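Where a number appears in this text, it was derived from the coordinates with a stated rule and is not lab data. Because the structure is predicted, anything quoted here is derived from the model rather than measured. Quick reminder, even Gly has a Cβ in these numbers, built from the backbone with ideal geometry, and neighbours come from all protein chains shown.
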Amino acid sequence: MSPGYRSEALPEDTGSRADGPHRPPRRARAARRRGPDHPGGPPGDRPGGPPGAAAPPPTVPDGGIRWWHRLRRDRTLLLMVLPAVGLLALFNYVPLIWTTVAFKDYDPFTQGLWTSPWVGLDNFTLLFEDNRFWDAFANTLGITFLQLVLFFPATIALALLVNSVLSERIRGLVQSILYLPHFFSWVLVITVFQQMLGGAGLLAQQLRRHGYEGFDLMTDPGVFKFLVTAQLVWKDGGWGVIVFLAALSAVSQDLYEAAAVDGANRRRRMWHVTLPALRPVIALLLVLRVGDSLTVGFEQILLQRDAVGPGASEVFDTYVWWVGIANTDYGIAAAGGLIKGAFSLVLVLIANKVAHMLGEQGVYQK
């Protein structure tokens, strides 16, 4: 050994001293022996890729993943949703068997569902010849139109007012107060309105006390449509406010700051930033509301039907209830239910098509 030579120990993973410093590390040699297809193999040795490139993602077969493979993979999630699917099938799909009542002379006491004779479209003919059906249809569309015109602007205005409050504590308090009536039953809501707007209500008593003539809006057929709309706004307006506030919370504050820098005042910021952010939610809620247009509150209308008379308060659901339950004309009531479902489906398709034309997603995509 020469005097100027100094021996150094090789790294631990380089193998024995006889292998020499030029030999690759032991781990690299093991990886090369495993081959490029092994998970621990070197990435540069994989076919089709440059040295040092990452492994390509696994390819999906041309036919996709087999349904039994997906069933085995997602079995835990399927078991979790199985009770909900069972309840949905029990209360929404199994009763569809009884839609055949619309084409039968159904008598549940003597014949039953399977032995009742077929009558074809006779129930639909009797339904269309009933003037009460068309009155109920007109009242339903009138109340729906008022609710579309008045309910959505009121909830949007409330959401904008609440969103303008700077204090988080005050904003949360206002949201709780607005949302509280949503948990009230319609019996309690109508009782509150009766105590305020009835003939013996607070406002009528105050007017009589000061020498004016009192009023009774709860028994006035002319204002019944506006009355039920006001009740809906008071009861469910807080729910709409929370939905719109959730949409507003996703709007970036940079947009408001950029608009303010460009000289936009509060009104223009609301028109060009806030309302465009609410458009998808407004379109979705409008489509859902249009599809549910023939359902305008069965319990709410039924509780006030006797006070204003059936001419002003009869809607589609109360008509079907009186015909099917009170008069035991089950075939005509089932025919009315089928017409309601078909009409609602057509309205949903039309409203969703309009939403797509306006550039919104609606209930489902194209």
19 Å cut-off, amide nitrogen to a point 7 angstrom out along residue 252 Cα→Cβ, residues in region 262-279: 262-264, 269-279
R0 of 22 Å, Cβ-Cβ distance residue 177-residue 203: FRET efficiency to nearest 0.05: 0.55
Nonlocal amide H pairs with residue 104, under 5 Å, H built at 1.01 Å: 119
Mean-position separation - Cα centroids, region 147-216 and region 90-120, in angstrom: 44
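Set the Förster radius R0 to 30 Å, insert the Cβ-Cβ distance between residue 220 and residue 275 as r into 1/(1 + (r/R0)^6), and round the FRET efficiency to 0.05.
0.25
Report the relative contact order of region 230-316, percent, no decimals, based on alpha-carbon pairs under 8 angstrom and at least 6 residues apart.
Relative contact order comes out at 24 percent.
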By average C-beta atoms within 10 angstrom, highest first, the peptides 174-185, 147-158, 229-240: 229-240, 147-158, 174-185
Peptide ranges 109-115, 250-256, 274-280 listed from the most packed, as the mean C-beta count within 10 angstrom indicates: 274-280, 250-256, 109-115
Mean Cβ count within 10 Å, highest first, over the residues of peptides 261-267, 194-200: 194-200, 261-267
